[in-house]
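In what follows, a structure is listed as structure tokens, so that the remarks can point back to it.
The numbers here are math on the coordinates, done by the rules we state, and not lab data. This is a predicted model, so every value here is computed, not measured. Methodologically, a virtual Cβ is constructed for each residue, glycine included, from the backbone with ideal geometry; neighbour enumeration extends over all protein chains shown.
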Amino acid sequence: MACFIVPATEAVATTIVTKVMEKREKKQLESLNLSEEEKKKYMLQKSHTTLHKMKWLNSMLWGGSALLAFEHVWHGEVVPFFPFLTAASNPQDAMQMLHEMGTVGVTMAIVVTVVWGIMAGITNAIDKLPEIDMTKKEV
């Protein structure tokens, strides 16, 4: 009924955090007084930073929430007029909706965040591996 609201709320929070992080990183980059070419190299090196990974989480949360919202619209559970959620018009349905948000919605948000954490951990591990020079040929 309204389970998509929980991951969407998390997406709003992570988007705010990401925007704050972007502003800080931009100020830091400007304080370095680098040329445009050096800035590009610097940004390439920072492609797997926490900020970059936060953008992955945002994409996962927003995409999943949008897909779930569309599914709820498709089934007539979300309507374009007040109260927007059909379950909110009746107290018994509202209790069921809140229960669904507390169980299904929270579980979905946690699962997406855990999957993102695993992805971030794997990329951190890969980044720590020693670089292999593929240009050398063994005879």
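From the C-alpha coordinates alone, can you work out the Kirkwood hydrodynamic radius of the chain, in Å?
For the chain, inverting the mean 1/r across all distinct Cα pairs yields 18.2 Å.
Assuming R0 = 22 Å, what is the FRET efficiency of Val73 and Val104, from their Cβ-Cβ distance, to the nearest 0.05?
Step by step, r from the Cβ atoms, then E = 0.80.
Kirkwood hydrodynamic radius of the range 1-76 from all distinct Cα pairs, in Å?
14.3 Å
List Trp116, Trp56 from most exposed to least, where exposure is judged by having the fewest other Cβ atoms within 10 Å.
In increasing order of surrounding Cβ atoms, one gets Trp56, Trp116.
Report the gain in length on full extension from His52 to Val17: 0.36 nm times residue separation, minus Cα-Cα distance, nm rounded to one decimal.
In short, 11.4 nm is gained.
In a GNM of the chain with a 10 Å cut-off on Cα contacts, which of Leu85, Leu44, Leu129 has the highest mean-square fluctuation?
Result: Leu129 has the largest fluctuation of those listed.
What value, in deg cm²/dmol to 500, does the helix sum -39500 (n - 2.57) over DSSP H runs of n ≥ 4 give at 222 nm once divided by the residues of the chain?
-23500 deg cm²/dmol
Residue-wise, which Karplus ³J(HN,Hα) couplings in Hz belong to the range 52-69, taking 6.51 cos²θ - 1.76 cosθ + 1.60, θ = phi - 60°, and x for glycine or proline?
4, 5, 5, 5, 4, 4, 4, 4, 5, 5, 5, x, x, 5, 5, 5, 5, 4
With a cut-off of 8 Å between alpha carbons and a minimum separation of six or more residues, what is the relative contact order of the chain in percent?
42 percent
Residue farthest toward the positive end of the dipole of the chain, with Cβ of Lys/Arg at +1 and Asp/Glu at -1: which of His52, Met101, Gln28?
Among His52, Met101, Gln28, the one farthest towards the positive end of the dipole of the chain is Gln28.
Suppose every K and R has +1 on its Cβ and every D and E has -1 on its Cβ; what is the size of the dipole of the chain about the Cα centre, in Debye to the nearest 20?
Around 580 debye, computed over the chain.
Suppose each label sits 7 Å from its Cα in the direction of the beta carbon; what would the Ile132-Glu38 distance come out to in nanometres?
3.4 nm
Using 19 Å as the Cα-Cα cut-off, could you pick out the over-long pairs in Lys19/Lys41; Lys53/Lys128; Lys19/Lys53; Lys23/Lys128?
Exceeds cut-off: Lys19/Lys41; Lys23/Lys128.
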